[in-house]
1. Each residue of the range 305-317 in order: what ³J(HN,Hα) in whole Hz does its phi give by Karplus 6.51 cos²θ - 1.76 cosθ + 1.60, θ = phi - 60°, with x for Gly and Pro?
2. Counting only helical runs of four or more DSSP H residues, what would the 222 nm mean residue ellipticity of the chain come to if each run contributes -39,500 (n - 2.57) and the total is spread over all its residues?
3. For each of Tyr233, Tyr500, count neighbouring Cβ atoms within 10 Å of the residue's Cβ, then give the residues from fewest to most.
4. In what sequence, highest mean first, do 542-552, 158-168 appear when ranked by Cβ atoms within 10 angstrom?
5. Given a cut-off of under 8 Å on Cα pairs at least six residues apart, what relative contact order in percent is computed for the chain?
6. Once you sort the root eigenvalues of the Cα gyration tensor of the chain as a ≥ b ≥ c, which label holds: rounded (a/c under 1.5), prolate (a/b larger than b/c) or oblate (the other case)?
7. Taking θ as phi - 60°, what are the ³J(HN,Hα) couplings along the range 251-266 by the Karplus curve (6.51, -1.76, 1.60), each to the nearest whole Hz, with x for Gly and Pro?
8. In the range 222-328, which trypsin sites (Lys or Arg not before Pro) fall in coil by DSSP and have 15 or fewer other Cβ atoms within 10 Å?
Amino acid sequence: MKKILFLCSILVLIGCKNEEESSKDPQEIVVSDSTGTSDYQGDVMLQFKVLDSKYLEKNILWSPFEIELYKVTEKKYDSLKSIILEKSVLELQNAIAEEELTYEELTLFYLYRMRKLDRENDLSLNAIVAVNPNVLTEARLKDRNYKNTENKSPIYGIPVLLKDNINTATMPTTAGAVALQGNTTPSAFITNKLEESGAIILGKTNLSEWAYFFCEDCPSGYSAVGGQTLNPYGRRIFDTGGSSSGSAVAVAANFAPLAVGSETSGSILSPSSQNSLVGLKPTVGLLSRTGIVPISETLDTPGPITKTVMDNAILLSAMAGRDTLDSKVYADSIKIPTDYYSALTDTTSLRGVRLGVIKELTKDSLYNRAINELKKVGAQIVEFEAEDIELTNFLRLLDLDMRKDLPDYLERYAKRVAVRSVEDIIAFNMEDSVQRAPYGQALFEGMVKDTATAEEFQAIKDTLKTRGKRFFDIPMQEYELDGILSINNYHAGFAAVAEYPAITVPMGYDDIGEPKGLTFISIPYSEQNLLRWAYAYEQESQQRKPPKDYSK
């Protein structure tokens with residue numbers, strides 16, 4: 001059986017437009033495997049130039065916890081599995097409340113599991129690149145303060161992983177690049193919000209280097225710092241999706257209950273779909289981007305990646321907050337919910353909700369099944385023909401934004417690294433391109449050649465936003481739709497330039513077991529509606545299954 005790979009993330013820039021287009025046979029990734037490893041699991045095995053990181057030393061990664069991890073026995077680890085594995089945030093909090101578990105035990109369980117499974121073994125996924133050295137101290141503090149802390153957030157004491165382009169004071173922020181290995185910074189705005197809500201920052205996850213805007217032909221989930229992240233539903237069989245590959249893989253493999261990714265165009269939706277998870281790409285500006293390594297000030301946003309919609313709403317709520325330093329900050333007049341989770345359980349009925357179905361996608365049997373499940377919970381389904389719209393100059397938008405935004409980030413935060421520009425990074429990588437850029441750096445090289453006047457750049461942005469909005473707004477107005485249904489990140493590019501939010505929810509697995517997600521897209525600041533629709537669908541469909549080798 002021939003495996004078809006859909007590399008539908010930021011490398012394709014506008015996502016996969018429709019099922020007909022995505023059914024064409026794209027070129028498979030077949031490159032030499034310098035590691036000499038072989039873990040064939042099907043008719044097609046992905047091979048990579050690099051599998052394991054040459055820059056990450058496993059012993060150093062775990063040295064802060066050597067004594068505590070030495071004390072954990074396999075018997076203790078096994079006894080906690082039934083309490084922790086595949087459990088939601090509210091289930092974990094209930095176990096804490098019933099004194100079946102402490103926050104220290106919960107955190108130590110994840111540390112033990114990551115060390116045991118993530119690297120240099122038959123199940124390794126290469127999802128984790130850094131661990132917070134203070135994480136056990138913070139967990140013990142949560143335990144001590146538990147009874148005296150009033151009005152606790154549901155995320156209180158819960159370990160959260162961050163994509164390694166999000167600043168944290170306790171760990172370097174590298175964006176997967178060797179040039180940023182020594183980049184110690186103050187914490188990002190959303191990192192501070194998480195900690196204020198009581199979350200514990202567990203560690204950092206691997207990503208497609210520079211958030212997948214670096215090398216032209218590299219596979220999803222590769223970075224020089226972190227190596228090649230692999231999909232737990234099919235190691236070296238299924239693409240991980242990118243660029244938030246490590247965040248999604250870590251949650252799917254039960255290395256943490258929650259993780260944060262970031263998206264420019266598909267970088268949350270793609271890995272969430274590929275790893276059978278819930279991923280929300282918020283309205284651009286709803287969550288702060290301050291302290292996050294940028295691609296595009298115009299399009300970037302962080303967002304939550306979780307196993308369930310409820311967990312997604314909890315994590316979104318913990319990151320929310322108005323950041324006046326962010327150029328896309330929402331106006332005071334826009335009413336943002338104080339939390340996104342409380343209203344979810346009020347009803348699972350979608351009676352009166354009108355959702356648009358893109359006709360070309362109805363060739364997909366999982367999509368059709370999802371439509372029928374939405375009808376069962378009361379949604380009104382309206383089929384329409386999607387307009388054929390080109391997102392001309394999308395690549396140039398990213399080029400022109402990043403060549404300005406990345407030096408600004410380096411100047412503001414990366415005080416301890418030598419590089420100060422895209423040109424500096426290219427030159428640094430050329431000093432040892434085999435190790436630092438084995439797939440080349442074509443997108444960076446193209447970026448420095450691209451120029452435009454301020455007026456030309458603004459025209460590019462305006463045109464793309466108009467076209468993105470047109471793709472959604474015309475059918476939504478004509479058919480009085482509340483939202484539109486897509487698959488995975490097929491229409492992520494249109495949502496990106498329109499600055500519209502989207503959420504993907506597991507909708508099952510194809511005939512060879514590859515996960516797929518049902519994606520809801522709607523107007524700006526409609527996150528509460530998206531979560532409500534996704535929750536109703538999730539409760540009705542119950543399609544997510546854990547990866548078999550990582551659920552025990």
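None of the figures in this text is laboratory data; all of them are computed from the coordinates on show. These figures come from a predicted structure and were not determined experimentally. Counting neighbours? That spans all protein chains shown, and the Cβs are built from the backbone with ideal geometry, glycine included.
1. Once rounded to whole Hz, the list reads 10, 8, 7, 10, 5, 4, 4, 4, 5, 5, 5, 4, 4.
2. -10500 deg cm²/dmol
3. The most exposed by this proxy come first: Tyr233, Tyr500.
4. 158-168, 542-552
5. 17 percent
6. Since a/c stays below 1.5, the shape of the chain is classed as rounded.
7. Couplings: 5, 4, 8, 6, 8, 6, x, 9, 8, 10, x, 9, 9, 10, 7, x Hz.
8. Arg322
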